[in-house]
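Remarks on the structure that follows.
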Amino acid sequence: MKFKQKGKLINILILIFSIILSALFCEQIYRFGAHKAGKQRIYQKDKIIGWKPKDNMILEKTLISSKGRKYLAKYSTNELGIKENTQLINNGKPFQKLNIVLVIGDSYTGDFYCSNNDSWFAIIQKNTPSKVYAFGNGGTGTFQQYLAFKSVVEKIKPDILILQFSANDIHNDFFEFSNKKFIANQQLRRPYFLDNKSHFRSDLISKLYRYIYDKSYIFQKVDYLIQNTLVRKLNERRLNKMSKDQINNLNIRAVKNWEVIYRMFVNYARKKGISNIISISADDFNKNSLFIESWENLSKELKIPTFKSIADVKNLKNDDYLYEDGGHLNDLGNIKAGNLFLEELKQKGLL
């Protein structure tokens, strides 16, 4: 009997070992194929921010606009994971003072939808005496962007800070909302501002999820497919069960939470000696009027000029300005938004 039990145990261990070995083999094959196809991950785990852009990345890829136009794009980051531009400063014209500009934002700043040199913020460097650095983290909220800013401000020492805002930043920052509209690869990996400190989910499932997600490309791919099919439907059902008053109440609390974070961010930047702070939104009142109104009102109270150049270009639906996902700007859209933004900055005497 003991020999039979021992034999079964050995067989189980062999099976487990075989499964692990097969999984590791498949993982390596998938990574090799993804690398050959140019599908490299541009973000990596960060124990403070949750995730951040990989440093010293160089990618070149053909992207597609929402109209089906193909265009070549080049993405790169420096040793801090920050996007820089190879554009000549001020079109190569002489200047007396160089402004150091730091842009902090989400996917509209950090993700790979066009070349660094075509990005909306690159237009500033090309046409003014400014050196522009852009630290964007796709999928983040304002609190994570605040943490990102804290991690690089002493190294960049900016004269001008541009805060790129999106309406969903407010929901991304609100822990309670994460239980209503669940996106695992964001909610389980991001820190939240709770009880005046940064807080990651500490339950076993969250820890296990983060560990596997950070280690496995296959898991990331499968998780992405699940999030965009099954989980999206579950989220819609969960929100549909809520009354209009419940949703409004949730949004009001989310705004109050975000306002604390935004104010903290701005006050910290000013303590670091940055008096010139500007904010630009990727959304307008058509997206979420309460959130945009809150952003505008608090920015006005904090004496921060606001702009909606990115949102204005997104609304030009008949033009070829959007990436294939239909939500972000492509190369032409970024250039258009950058030129509009620059023109408005000059009109207000901010550059």
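The values are calculated or read from the model by the stated rules, or taken from the named source; none is laboratory data. The structure displayed is predicted, hence computed values, not measured ones. Counting neighbours? That spans all protein chains shown, and the Cβs are built from the backbone with ideal geometry, glycine included.
The residues on offer are 224, 262, 217, 209, and the sole one that is surrounded by 15 or more Cβ atoms within 10 Å (Cβ to Cβ), aromatic (Phe, Trp, Tyr) and free of Cβ contacts under 8 Å to residues at least 40 places away in the same chain is 209.
When residues in the stretch 308-334 are screened for being of a type in the set (A, V, I, L, M), part of a helix (DSSP H, G or I) and surrounded by fewer than 21 Cβ atoms within 10 Å (Cβ to Cβ), 1 of them pass.
Restricting attention to the stretch 270-292 and to residues that are farther than 21 Å from residue 139 by Cβ and at pLDDT 95 or above, the residue that is surrounded by the most Cβ atoms within 10 Å (Cβ to Cβ) turns out to be 278. Within the stretch 110-154, restricting attention to residues that are in a helix (DSSP H, G or I) and of a type in the set (Phe, Trp, Tyr), the residue that is surrounded by the most Cβ atoms within 10 Å (Cβ to Cβ) is 143.
Residue pairs whose Cβ atoms lie under 6 Å apart, separated by 6 or more positions or on different chains, with the first residue in the stretch 61-88 and free of Cβ contacts under 8 Å to residues at least 12 places away in the same chain and the second hydrophobic (A, V, I, L, M, F, W, C), are 62/72; 70/64. Being in contact with a Phe, Trp or Tyr (Cβ under 8 Å, 6 or more places away or on another chain) and at negative phi: is that true of residue 233 here? No, not satisfied. Residue pairs whose Cβ atoms lie under 8 Å apart, separated by 6 or more positions or on different chains, with the first residue in the stretch 168-196 and modelled with pLDDT under 80 and the second aliphatic (A, V, I, L, M), are 180/239; 180/242; 180/250; 181/239; 182/231; 182/234; 183/231; 184/231.
Please verify whether residue 71 is surrounded by fewer than 20 Cβ atoms within 10 Å (Cβ to Cβ) and either touching a Leu at 6+ places or on another chain (Cβ under 9 Å) or of a type in the set (Phe, Trp, Tyr) (or both), treating the condition exactly as stated. Judged against the criteria, residue 71 is a match. For the stretch 236-249, check the following and say yes or no: at least one residue is β-branched (Val, Ile, Thr) and under 19 Å from residue 191 (Cα atoms). No: the stretch 236-249 contains no residue that is β-branched (Val, Ile, Thr) and under 19 Å from residue 191 (Cα atoms).
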